[in-house]
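Bear in mind these aren't lab numbers, they're just calculated from the coordinates by the rules spelled out. Here the structure is a predicted model, which is why all the values come from computation and not from measurement. Reconstructed Cβ throughout: ideal geometry from the backbone, glycine too, with neighbour counts over all protein chains shown.
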């Protein structure tokens, strides 16, 4: 029975592990790479690297030189395309648009070389080394080596140059791991040329799985090329499967070497033994190793899952909004290692989101706000999901105003913006910056953050409701106390009003008495005036000789006549005062009599004459002649003039006081104007709005009732007029009454 032309040995393990690693990464990039060009080129590089690794693995186990040469030539038909694919990947990853002709030139070179790879000018013959059969290269292999090396160095230069200029930490991380992973594997693959030129050194390219594992770590740790968290685990487990498979192959080789020549190696017992070893050793070992990898590599993710879950439970018991925000933000910065994070909440008017709390080093968010109607908020409300730096272009594609949406996103400055949704409405935004470690936000991160944001939204509404109830409870006692004070004040005002009502009734009685007395005084005053007038006329008509009969009688007679005339004048003034008292104290509720405002002012001054005649106060009367009459109540308007002039007399200095009483007519408005201007201290701004209120007074107890100006205000209002008070420019105050003219 002919044996197969293959013989397992230890040297097959490194290239086999490299093949499995590269093949797994290529499959993941194709299946989970979302069809992006850069991921397709990554898959192409990994597949070409896998072809090279399988070529070296077969070279290690093939026992016939002719077969080794045929296998190597077939592999190199594809391996030569590593140059253009690696260059194309670099240009696509970095977004380079210049010198794209180099890519076409590289594809042309590799295409020609692929055709020539089947001749002796490329691979001549197979040589045996201690690590297997390797082919000897012809002249074209040197050309391929030079071009491949130049291309690799050029691509590494472009990546390094981009790394130095890049500001975005995400892009910097990607570029760094592409350099170390793919660049390192490409450089190690160049050592595979040594056996091709006759140097018997074990090819270091067989250990390309080491930098590829670094690239896998980047996919795992930083979601390199947006492959995703689930794929990360798949990659790790695929690598793990490759390692265990290699170990299994190594075990077979060792057993074959130990039991070489023994008949038991080909028996059924040997197969059963290896089956039991796989079932009872390798499968449990694989599970334990997977668990260890989960704990080691994904420990951080599992830890902050637990932390965020605990935070969600804690928020349910918090009722203070500031405590909720502080706890949330500090937890996010500590567990997810973000550089900064802040929360924006809807304002009371429901028009825009405003900054409420922030954590981290970012200071440019002070006073940050965004309108509820902005394109970004409208897009978030439509999606009910987060907007990130990575799906921004997708969001812009479905937005009516893409530039405005991008501008809003850049204004907030976050890497991830997550809505806080409560009952279908957004009541806040959770804005996170980049992670300190440079890690990207994975789909699992975003899922956890969505849950946390929704919990925050509920906690915010609960805190607002609790705060409202707490404020009501705090204010309830204060409101009760204030209401009690108001009731006490009202009771006091009622008692005061009753007292003042009694006084006003007394004053009314006194007024009626004064009116009666004044009426009774009219008759004797009239009689005396008539008698004095008659005496004066008799004496003035008597002949001079009759007066001269008595010695010195002429002189005395003249003085007597003067005295009688003075008495007559005083009696007339007394009669006028009595008439004014009768006019002002007349109790009438009619508002239909014609009233001359000038007469009202003169009567008021006659009544108040005794209050100011010995004080030194100067009263200036400035009445406009021929004023139209108004329809009203003479006595009530007289009360208004009395109250206003009395206040002015009490306000001015008794030695330097001056009061100006003036009347006028504003023809455009049809108003008769009465003004009383004084040079007193004026009215303070604090009480200006209170002077016409009932019972308000600044006078001492017993000197004022607080009803004078209030009654004046009510009388003027009943006459359909207006009353004003204002301070003069220099000093003092002016009271102004406007009354409508009687319609003719």
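Values as computed for the structure displayed
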| item | result |
| --- | --- |
| From the C-alpha gyration tensor of segment 591-744, square roots of 5λ in Å | 24, 18, 15 |
| Extension gain (nm, one decimal) between residue 482 and residue 326, 0.36 nm per residue minus Cα-Cα | 52.5 nm |
| R0 of 60 Å, Cβ-Cβ distance residue 742-residue 411: FRET efficiency to nearest 0.05 | 0.30 |
| Separation in nanometres of the label points that stand 7 Å from Cα toward Cβ, at residue 67 and residue 197 | 3.1 nm |
| Least to most buried among 388, 631, 451 (fewest other Cβ within 10 Å first) | 451, 631, 388 |
| Spin-label model distance (nm) - residue 180 vs residue 593, 7 Å beyond Cα toward Cβ | 11.0 nm |
| For segment 35-95, diffusion coefficient by Stokes-Einstein and Kirkwood Rh (Cα), 4 °C, 1.567 mPa s, µm²/s | 103 µm²/s |
| Point-to-point label distance, residue 204-residue 161, nm (Cα→Cβ direction, 7 Å offset) | 2.6 nm |
| Whether segment 10-227 is rounded, prolate or oblate, judged on the alpha carbon gyration tensor where a/c under 1.5 counts as rounded | prolate |
| FRET E, pair residue 690, residue 425, Förster distance 41 Å, beta-carbon r, rounded to 0.05 | 0.30 |
| FRET efficiency, 1/(1 + (r/R0)^6) with R0 56 Å, evaluated for residue 729 and residue 539 via beta carbons | 0.50 |
| Exposure proxy ranking, count of Cβ atoms within 10 Å, fewest first, for 160, 41 | 160, 41 |
| Sorted by Cβ density within 10 Å, fewest first, the residues 75, 653, 622 | 622, 653, 75 |
| Extension gain, residue 530 back to residue 153 (0.36 nm per residue minus Cα-Cα distance, nm) | 121.7 nm |
